[in-house]
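> Can you keep this structure in mind? I'll have questions shortly.
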Amino acid sequence: MKTGRNLINLIFIILLAGADQLTKGLIVSFVKGRGNIVLIKGVLELEYFENFGAAFNSLVGQRILLIFMTSLLILFLLWKLFRSPDEKRYFGMRLCLCLAVGGALGNLIDRIVKGYVVDFIYFTPINFPKFNFADMCVTGGVIALGALMMFYYKEEEVDYLLGIKGKG
C-alpha cells in the first residue's frame, strides 16, 4: 500500500512541476517582450520577470547555493513524505509535502536550465513581488502544513512527524 501511495505522490509532484513549467512556457511565449497583460485592472497583471535570486529576489547571484539548498530541501521533504504514516489522518500532511516539493522542483528546473526563475503573477495594489505557480504551491503547502501542525495534529504527532521523538 505504501509503495502505491508513494508512486501516486511522485506522480502528483511531477504533475505540479509540469504545470509550473507549462505556465512559465506560456508566459515566455505570450508575454515576454510584449508588455503586461492586465487581468483585473488595478489588481492583477501578468508580467514577465527573470528572478536571479530566491524569494523577494533575495540571494541574487547565488545560483549554485540556491540549487544546492533547494535540492537538499526537496530530498528532506521527500524523505519525510515517504516515511509518513499511511493512515488517512495524515493525508493532509502528505498533500502539503507534495505541494511544497512540486513547487520547489518547478523552480529548481528553471534555476538549473535557465539560470533564473520565471515569475509572472503581479498584484498591483500592494506592489507585491512577482511570483509564479511553483511559489503558490510551496507557500500554500507550507502554510497549510503549519496550520495542520498547530490546530489538527496533537503535540506528540507533531514531534513524531518532525522526527523529534519516536511514535508514542
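The values are calculated or read from the model by the stated rules, or taken from the named source; none is laboratory data. These numbers come from a predicted model, not from an experiment. Heads up, the Cβs are rebuilt from the backbone with ideal geometry, glycines too, and the neighbour counts pull from every protein chain shown. Surface accessibility is based on the protein's heavy atoms, side chains included, excluding ligands, DNA and RNA. Shrake-Rupley method; radii C 1.70, N 1.55, O 1.52, S 1.80 Å.
> Relative to the first principal axis of the alpha-carbon coordinates of the chain, what is the inclination of helix 2-30, with its axis defined by its Cα atoms, in degrees from 0 to 90 and to the nearest 10?
10 degrees
> Applying 1/(1 + (r/R0)^6) with R0 = 45 Å to the Cβ-Cβ distance of V43 and W79, what FRET efficiency is obtained, to the nearest 0.05? The partial results should precede the final answer.
Details: r = 40 Å, r/R0 = 0.89.
With R0 = 45 Å, the Cβ-Cβ based efficiency is 0.65.
> Give me the distance in nm between label points sitting 7 Å out from Cα along the Cα-to-Cβ direction at Y116 and I143, one decimal.
About 2.7 nm, to one decimal.
> Along the range 36-48, what does the Karplus equation 6.51 cos²θ - 1.76 cosθ + 1.60 (θ = phi - 60°) give for ³J(HN,Hα), rounded to whole Hz, x for Gly and Pro?
Result, rounded to whole Hz: 6, 10, 7, 8, 9, 3, x, 10, 9, 9, 9, 9, 5.
> Continuing with the same structure: On the full set of protein chains, 1.4 Å probe, figure out the accessible area of Y116 and give it in Å² to the nearest 10.
Solvent-accessible area, nearest 10 Å²: 40 Å².
> As a test question: what accessible area, to the nearest 10 Å², does F131 have when a 1.4 Å probe is rolled over all protein chains in place?
Roll a 1.4 Å probe over it and F131 shows about 30 Å².
> Per DSSP helix of 4 or more residues, -39500 (n - 2.57); summed, then divided by the residues of the chain. What does that give at 222 nm, rounded to the nearest 500?
Working: 5 runs with 99 residues, N = 168.
The per-residue figure over the chain is -20500 deg cm²/dmol.
> Let me ask something else about it. How high is the relative contact order of the chain, in percent, counting Cα pairs under 8 Å that sit 6 or more residues apart? Display every interim value, and only then the final one.
Working: 209 pairs, mean separation 46.0, N = 168.
Result for the chain is 27 percent.
> Whole-Hz ³J(HN,Hα) for each residue in the range 82-91, computed from phi via Karplus 6.51 cos²θ - 1.76 cosθ + 1.60 with θ = phi - 60°, x for glycine and proline: what do you get?
Computed from phi, the couplings for the range 82-91 are 5, 8, 5, x, 7, 5, 4, 4, 9, 4 Hz.
> Right, another one. If you roll a 1.4 Å probe over the range 39-121 with all protein chains in place, what percent of the accessible area is carbon or sulfur?
The nonpolar share, carbon plus sulfur, comes to 72 percent.
> Rank these residues by their accessible area, most exposed first, probe 1.4 Å: V158, V28. Provide the component values of the computation, followed by the final result.
Details: V158 25, V28 55 Å².
Order by accessible area, largest first: V28, V158.
> Say R0 is 25 Å: what FRET efficiency, to the nearest 0.05, do F91 and L22 get from their beta-carbon distance?
Numbers: r = 26 Å, r/R0 = 1.04.
The pair F91/L22 has a calculated efficiency of 0.45.
> Also, quick follow-up: I'd like the GluC sites (Glu not before Pro) in the range 1-92 restricted to DSSP loop residues with at most 10 other Cβ atoms within 10 Å, sorted by number.
Values: sites: E45, E47, E50, E87; in loops: E87.
Answer by residue number: E87.
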